[in-house]
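Report on one structure; see the data block that follows.
The values are calculated or read from the model by the stated rules, or taken from the named source; none is laboratory data. Quantities reported herein were computed from a predicted structural model and do not represent experimental measurements. Here the Cβ is made from the backbone with ideal geometry for all residues, glycine too, and neighbour counts use every protein chain on show. SASA here: full protein model, heavy atoms, side chains in, ligands and nucleic acids out. Shrake-Rupley method; radii C 1.70, N 1.55, O 1.52, S 1.80 Å.
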Amino acid sequence: MIPDFLLPEWVPNAHPLIVHFPIALIFVAIAADALALWLGERWETGQEVATGLYAATGLSAVVSYYSGTWAIDTVSIVTPGAAQTLSAHSFWAWYTMVSTSGYALLRAAGLFIPWVRTRRAAHLVLLLLGLGTLVPMHETGENGGAMVYKRGVGVTRTQEIPAPSSSAPDSTRRDTVQQDTVQRDTVQGPAPAAGSSSPGAGAP
């Protein structure tokens, strides 16, 4: 779908880069739709703006779904748990694509029906239907996240703990030896000077 040389080296396919667009767009669309319902005639083009955002959500959901079907060939599914999670993710992704694109068509048709455009009750029902598209999208994201962070699909090990080098000086041990030497010298006191006798040496 996207040439490999255009992808960052840390992603196996384009799906992770595309999948977040419908998630972001649906929330923007619902927020614009709620604002249009609240403002009513004070925002004359509010329903058109919301419908355009719903259409963008549906279109991005279609692209995201098919990018996911092509992405399956680029990752390894090696456990039954991963296969089960993938199956659930694929089902909910298909349902998200159908629900968001179908809802966008419904909203577009509503723009040409006068009583739908003018009645706030009809607009409220449509808004509630739009909120309903969040359910399959949530399930899609839940299973998609589980595939990556729980099943490890499409993940490579990128961090290695460096082994301690034998050639490097052990600074911790050196500091400890120096500290012990200082403490011992402090307790014993300075060494007597050459030619001097210890106290009591000349006593009879």
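Being open to solvent by 30 Å² or more (accessible area, probe 1.4 Å) and touching a residue at least 24 places away in the same chain (Cβ under 8 Å) is the filter; apply it to segment 48-65 and report the residue that is farthest from Ser101 (Cα to Cα). Reasoning before the result, please.
We begin by selecting, within segment 48-65, every residue open to solvent by 30 Å² or more (accessible area, probe 1.4 Å); these are 48-49, 52-53, 55-56, 59, 62-63, 65.
Pick out the ones that are also touching a residue at least 24 places away in the same chain (Cβ under 8 Å) and you get 48, 53, 55-56, 59, 62-63, 65.
Working: Glu48: 16, Leu53: 11, Ala55: 7, Ala56: 9, Leu59: 7, Val62: 8, Val63: 11, Tyr65: 12 Å.
Looking at residues that are open to solvent by 30 Å² or more (accessible area, probe 1.4 Å) and touching a residue at least 24 places away in the same chain (Cβ under 8 Å), I get Glu48.
Looking only at helices (runs of 4 or more DSSP H) that fall completely inside segment 19-125, which ones have 2 or more residues that are aromatic (Phe, Trp, Tyr), modelled with pLDDT of 95 or more and touching a Pro at 6+ places or on another chain (Cβ under 7 Å)?
So the answer is 80-110.
In segment 13-29, how many residues are touching a residue at least 24 places away in the same chain (Cβ under 8 Å) and either open to solvent by 60 Å² or more (accessible area, probe 1.4 Å) or β-branched (Val, Ile, Thr) (or both)?
Of the residues in segment 13-29, 6 are touching a residue at least 24 places away in the same chain (Cβ under 8 Å) and either open to solvent by 60 Å² or more (accessible area, probe 1.4 Å) or β-branched (Val, Ile, Thr) (or both).
From Thr69, Thr45, which residue is without any contact (Cβ under 8 Å) to a residue 60 or more places away in the chain, open to solvent by less than 70 Å² (accessible area, probe 1.4 Å) and more than 19 Å from Leu129 (Cα to Cα)?
Thr69
Quick check: is even one residue across segment 103-115 under 16 Å from Val28 (Cα atoms) and among the hydrophobic types (A, V, I, L, M, F, W, C)?
So far as segment 103-115 goes, yes, one or more of its residues are under 16 Å from Val28 (Cα atoms) and among the hydrophobic types (A, V, I, L, M, F, W, C).
Sort out which residues of segment 30-42 are surrounded by fewer than 19 Cβ atoms within 10 Å (Cβ to Cβ) and of a type outside the set (D, E, K, R), and write them in order of number.
Ala31, Ala34, Leu35, Leu37, Trp38, Leu39, Gly40
When you go through (1) open to solvent by 30 Å² or more (accessible area, probe 1.4 Å); (2) in contact (Cβ under 8 Å) with a residue 12 or more places away in the chain; (3) more than 20 Å from the chain's Cα centre (by Cα) one by one for Ser90, which number turns out not to apply?
Here Ser90 clears every test but (3).
Determine whether segment 127-137 contains at least one residue that is open to solvent by less than 80 Å² (accessible area, probe 1.4 Å), assigned to a loop (DSSP other than H, G, I, E, B) and either modelled with pLDDT of 90 or more or farther than 30 Å from Arg42 by Cβ (or both).
Looking only at segment 127-137, we keep the residues that are open to solvent by less than 80 Å² (accessible area, probe 1.4 Å), and these are 127, 130-134, 136-137.
Still in the running and assigned to a loop (DSSP other than H, G, I, E, B): 133.
If we keep only those that are either modelled with pLDDT of 90 or more or farther than 30 Å from Arg42 by Cβ (or both) as well, we get 133.
For segment 127-137, residues open to solvent by less than 80 Å² (accessible area, probe 1.4 Å), assigned to a loop (DSSP other than H, G, I, E, B) and either modelled with pLDDT of 90 or more or farther than 30 Å from Arg42 by Cβ (or both): present.
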